[in-house]
Structures are given as C-alpha cells and as structure tokens.
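A quick write-up on the structure given underneath.
The values are calculated or read from the model by the stated rules, or taken from the named source; none is laboratory data. The shown structure was predicted, so the numbers you read here are calculated from the model rather than taken from an experiment. Positions of Cβ are backbone-derived with ideal geometry, glycine not excepted, and every protein chain shown enters the neighbour counts. We work out accessible area using only protein heavy atoms, side chains counted, and drop any ligands, DNA or RNA first. Shrake-Rupley method; radii C 1.70, N 1.55, O 1.52, S 1.80 Å.
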Amino acid sequence: MRAGDLRSIFDRQAEGYDRRWARAAPVRAALDLVVGAAFSTLPDDARILAVGVGTGLEIAPLARAHPGWTFTAVDPSPRMIEACRRRAEEEGFAPRCTFHTGTLDTLAPGPRHHAATCFLVSQFITDREGRADFFRSIADRLQPGGRLASADLASDAGALRDMTRLWLIATEGPGVNEALVDRLHAVYTSEVAVWSPGLVADVIERGGFEPPMPVVQVALLHGWVTRTPAGERPA
C-alpha cells in the first residue's frame with residue numbers, strides 16, 4: 001500500500017481509532033505485558049523509538065512505569081501524531097517525547113535508541129525486500145543489542161480465511177457476516193501483507209536483528225521480541 005494512501009486512511013481513522021479497537025483491549029494488554037517484560041532491564045534513562053506510534057497506546061504504559069525514559073514518536077499521519085501528543089499531554093509525559101510526523105526515513109539522525117516498538121506497521125509493506133529494508137531502518141536507529149518489540153497480522157495461507165473470521169468476531173463483535181469476511185480476506189491477500197509467521201520472522205531477521213522470539217498470538221495478531229547483534233555498529 002502506498003504511503004500517501006496510508007496517511008489518508010489513518011488521518012480519517014485517528015478521531016475514533018481508540019474507540020474502534022476498544023474490544024481488542026485485552027490484546028493490547030497482552031502486548032503491553034510482554035513489552036514491559038522485554039524492556040524491563042533497560043537503563044533508567046533509556047531512549048525508546050515508537051515507529052507508527054498511532055495514538056500512543058504503546059508508549060503510555062512505558063512512560064508511566066519509567067519516569068526517566070524518553071520517547072521518539074514517529075507516524076506518517078498528522079492526525080495520529082496529534083492524538084498521540086494529546087495523550088502524552090493528558091498523562092504528563094509530553095516533555096519526554098519528540099513527535100515526528102513522517103516516515104522513519106525522514107527522521108533526522110540522532111543518538112541511537114535503546115529499544116523500539118513497531119505495532120501493525122510492517123504488514124502494509126507488500127514487497128519482501130522493502131519490508132526487510134524497513135526493519136533495517138529500525139535496526140540502524142538502535143544501539144548494539146537494542147531491543148525490538150514488533151507485532152503484525154500473520155497467518156498461514158490455508159488458515160487465513162478462518163483466522164480472518166475469528167479476528168473480525170474478536171474485534172467487531174458477534175454477527176459478522178460472510179460478505180465482510182470475504183472482503184477483508186481479499187484485502188489481506190492483496191493490499192496488506194498477511195504472511196506466515198515464519199516468513200515475517202525471517203524478514204525481521206534479514207532486516208538486521210537476531211532471530212525473533214514469538215511471544216504473543218491472538219488470532220491473526222502475532223508479536224515478537226528480538227534485538228540487534230551486540231558489538232559496534234557503524235555510525
């Protein structure tokens with residue numbers, strides 16, 4: 001999917017995004033739990049990069065738990081960044097945030113981060129090399145041994161339609177009709193790269209990370225944690 005199309009889609013969704021995904025709050029809680037554990041040994045002054053930050057749901061619990069951490073919030077949608085800024089202001093951690101409207105490649109160079117989050121972002125890159133390059137751009141912003149928590153929709157092809165139905169019921173509620181399942185299944189096989197979990201993990205690894213460890217699955221949503229190799233990285 002083209003970057004301009006994504007910006008337009010998420011600009012339209014920003015206002016009601018959190019309400020729309022309210023039913024999926026337990027999924028978000030599972031991700032927050034795992035990310036908190038994976039990042040728990042980072043230093044007290046850790047720098048966290050949030051790629052495709054949306055409304056800021058993934059950084060808020062980290063900011064609450066770690067008052068010394070700072071955050072670089074990146075999203076191509078101006079309205080999503082505005083929603084993230086409002087959340088940070090309401091919860092009092094905005095002074096610890098840098099907000100960047102744009103894709104990661106437009107972020108100015110700066111000190112490397114200790115960790116990064118990237119939730120439901122890379123699935124919109126349908127080219128395998130392009131998706132590996134995307135993860136490489138995250139790895140390049142991290143310190144040696146820098147951690148990544150990543151989540152995307154994934155499924156083996158043979159189970160995709162049934163998983164799509166299950167995901168819709170979980171996120172939209174009962175009463176999902178087969179026409180909607182058909183439409184979303186078509187999107188997942190053309191406009192969104194819902195690949196097998198193994199293929200997604202392989203692409204993350206080829207992007208400059210150690211083999212990712214699967215840590216969460218709820219229907220279509222899969223989460224991994226990994227890190228960049230230890231040792232010096234080129235500046």
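Structure summary
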{"item": "Condition broken by A116, with the remaining ones in (1) of a type outside the set (S, T, N, Q); (2) open to solvent by 40 Å² or more (accessible area, probe 1.4 Å); (3) in contact with a helix residue (DSSP H, G or I) (Cβ under 6 Å, 6 or more places away or on another chain) satisfied", "result": "(2)"}
{"item": "Residue satisfying condition, being open to solvent by 10 Å² or more (accessible area, probe 1.4 Å), at pLDDT below 95 and in a loop (DSSP other than H, G, I, E, B), within set P67, P109, P43", "result": "P109"}
{"item": "Qualifying position, being touching a residue at least 40 places away in the same chain (Cβ under 8 Å) and under 24 Å from V53 (Cα atoms), among L142, L168, L184", "result": "L142"}
{"item": "Residues being part of a helix (DSSP H, G or I) and either surrounded by fewer than 16 Cβ atoms within 10 Å (Cβ to Cβ) or modelled with pLDDT under 95 (or both) - total across the stretch 84-106", "result": "7"}
{"item": "Residues satisfying the stated conditions in the stretch 189-226, i.e. of a type in the set (S, T, Y) and in contact with a strand residue (DSSP E or B) (Cβ under 7 Å, 6 or more places away or on another chain)", "result": "T226"}
{"item": "Residue within the stretch 174-186 that is surrounded by fewer than 16 Cβ atoms within 10 Å (Cβ to Cβ) and touching a Phe, Trp or Tyr at 6+ places or on another chain (Cβ under 6 Å) present", "result": "no"}
